[in-house]
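The values are calculated or read from the model by the stated rules, or taken from the named source; none is laboratory data. Remember, predicted model here, so these are calculated numbers, not experimental data. Please note: Cβ atoms are built from the backbone with ideal geometry, for glycine as well, and neighbour counts cover all protein chains shown. Only protein heavy atoms, including side chains, enter the accessible area calculation; ligands, DNA and RNA are left aside. Shrake-Rupley method; radii C 1.70, N 1.55, O 1.52, S 1.80 Å.
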Amino acid sequence: MKRIGFLSFGHWGPGEGSRTRTARDALLQGIELAVAAEELGVDGAYFRVHHFARQQASPFPLLAAVAARTSRIEMGTGVVDMRYENPLYMAEEAAATDLISGGRLQLGISRGSPEPARDGAAAFGHVPAEGETAADMARRHTAVFRRAISGAGMAEAEPRYAGGGSGLLPVQPHSAGLGERIWWGAGSRATAVWTAEQGMNLMSSTLLTEDTGVPFDQLQAEQISMFRQAWADAGHLHEPRVSVSRSVLPITDDEDRRFFGLSALREKRDQVGVIDGLVARFGRSYVGEPDAIAAELAADAAVQAADTLLLTVPNQLGLDFNAKLLGTVVRHIAPAIGWAAKPRP
C-alpha cells in the first residue's frame, strides 16, 4: 500500500447530531480536513460528486481551494459523473485546478451512479444521441475530454481573431501530465478491462454490479488482476494506479463507541442487493478496535492488490472528529498494511 487518502461524500443537513449543517459547512470543512490530513501525512483528499442532492456537486472550486491551501497532498474526485459534463469546459477547469496544485490533481470519472433526479443529465442539457445509451454518452464525453486535456486541437481558428492563424485551436490552459492522472470508476470486471485498454487508472467501485458468490474483497482483487493484465497487454508505457475504498471506523473512546458501537456488531459481512436491475455485491465496513481493524485490512485481498486506499469518512460528524479518525488510522492501522508516511521535503 503506497498511498492512503480520505474520500468525503460531502453530505450536509440539519439532522440531529449533524456538525455539517449547510453547504458552506461541507465545503469549508472539506478544505480544512485536507489541510489536517496533509499535516498527518495522509496522501490524498478525494471528494464524491453528486447532483440534485445535499452533497458536494461541482468539484473544481473545492479542489482548487484545497490546492491553494496545501503543498503536498493529492486532491481528486471519486467520481465525476460524465453524463452531466460539458467536456471542453471541464477540460479548462481541470487544467486550471491542476496548474494551481502543481500537478497534484487525480481526477476520478465514470458513467455515474443512480441519482435523485430521474433524468438529471438532460436537465443539464446532455441527452444521448440516437442509438446511444446514457453510458455511451458518458464515454463519448470522456473521449472528448481526454482529447482536450492532451492539447489536441478542438475548434477551428478564426483567422481575423487568431492572429492570422488557421487550423484547430486547443483549449487553454493546458497542464502537461494531467492525462496520466485520470481514473475510471469501474463497477465490474469487464469495465476494469476496458479501463486498462483506454489507458486510465482504475478506481474500483465501493460496490460491484456482479456477484459470483465469492467475498467482495476476492471479487475486487480478481477485477484488479484482470485490469493489470489488460494494461500489460495494451502496452501502455507508464505504470497504472489502482484504488479501492473502505469504510474504516476505529473505536478508541466513548464518542466513537456512541456513534459506531452498534455498527461494529452488525456490519461484519458483505451485502448483496440489486442496483439498476443488476445483482450487486457491497463491501463490508471495518469497525472496532484499531488493532483488530489492522489485522482485518491486512487480510483484505483487494486492499493488498491495490496501491491506494481511500477511507470513506463520516463527514457530517465534523472536522475535528474526522481529523481524529484519520490520525488513528495513520498511527495504529495503516502501518499494518504496508503504508508509511512519505518523508517531508
Inspect all residues belonging to segment 77-94 and state whether any of them is without any contact (Cβ under 8 Å) to a residue 40 or more places away in the chain, buried (at least 23 other Cβ atoms within 10 Å of the Cβ) and in a strand (DSSP E or B).
yes
Being farther than 26 Å from GLY102 by Cβ and at pLDDT 85 or above is the requirement here; does SER175 meet it?
no
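Quick one: count up the residues across segment 170-202 that are assigned to a helix (DSSP H, G or I), within 11 Å of SER150 (Cα to Cα) and among the hydrophobic types (A, V, I, L, M, F, W, C). Give the steps one after another, and end with the answer.
From segment 170-202, those assigned to a helix (DSSP H, G or I) are 178-181, 189-198; that's our starting set.
Filter again for within 11 Å of SER150 (Cα to Cα), leaving 178-180.
Subset that is among the hydrophobic types (A, V, I, L, M, F, W, C): 178.
Qualifying residue count, segment 170-202: 1.
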Are there any pairs, at least 6 apart or on different chains, whose C-beta atoms fall under 7 Å, with the first in segment 1-30 and among the charged types (D, E, K, R) and the second open to solvent by 40 Å² or more (accessible area, probe 1.4 Å), and if so, which?
ARG19/GLN316; ARG21/TRP12; ARG21/PRO14; ASP25/TRP12
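In segment 121-137, which residues are assigned to a helix (DSSP H, G or I) and over 23 Å from THR191 (Cα atoms)? Walk me through it before giving the result.
Step one: of segment 121-137, the residues assigned to a helix (DSSP H, G or I) are 121-123, 134-137.
ALA122, ALA123, listed by residue number.
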May I ask you to say which residue of ILE109, ILE100 is touching a residue at least 40 places away in the same chain (Cβ under 8 Å), under 26 Å from ARG241 (Cβ atoms) and either touching a strand residue (DSSP E or B) at 6+ places or on another chain (Cβ under 7 Å) or not small (Gly, Ala, Ser) (or both)?
ILE109
Working only within segment 203-233, note down all residues that are open to solvent by 50 Å² or more (accessible area, probe 1.4 Å) and part of a helix (DSSP H, G or I).
GLN218, GLU222, SER225, MET226, ARG228, GLN229, ALA232, ASP233
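Count, please, the residues in segment 251-263 that happen to be open to solvent by less than 100 Å² (accessible area, probe 1.4 Å), within 20 Å of ARG331 (Cβ to Cβ) and either modelled with pLDDT under 60 or in a helix (DSSP H, G or I) (or both). Full working, then the answer.
Start the filter on segment 251-263 by keeping residues that are open to solvent by less than 100 Å² (accessible area, probe 1.4 Å), which leaves 251-253, 255-256, 259-261, 263.
Still in the list and also within 20 Å of ARG331 (Cβ to Cβ): 251-253, 255-256, 259-260.
This time we only want the ones that are either modelled with pLDDT under 60 or in a helix (DSSP H, G or I) (or both), so: 255-256, 259-260.
Residues meeting the conditions: 4.
Criterion first (in a helix (DSSP H, G or I), open to solvent by 30 Å² or more (accessible area, probe 1.4 Å), closer than 20 Å to ALA323 by Cβ and of a type in the set (Asp, Glu)) does GLU39 satisfy it?
Values: in a helix (DSSP H, G or I): yes; open to solvent by 30 Å² or more (accessible area, probe 1.4 Å): yes; closer than 20 Å to ALA323 by Cβ: yes; of a type in the set (Asp, Glu): yes.
So GLU39 passes the test.
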Take the residues of segment 47-76 that are touching a residue at least 60 places away in the same chain (Cβ under 8 Å) and open to solvent by 10 Å² or more (accessible area, probe 1.4 Å): which is farthest from ALA36 (Cα to Cα)?
PHE52
Within segment 326-335, can you find the residues that are under 23 Å from the mean Cα position of the chain (by Cα) and open to solvent by 50 Å² or more (accessible area, probe 1.4 Å)?
PRO335
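Test of understanding: among ARG140, ARG160, which residue is open to solvent by 70 Å² or more (accessible area, probe 1.4 Å) and not in a helix (DSSP H, G or I)? Show your work before the answer.
On the way: ARG140 fails: not in a helix (DSSP H, G or I).
After ruling out the rest, the residue left standing is ARG160.
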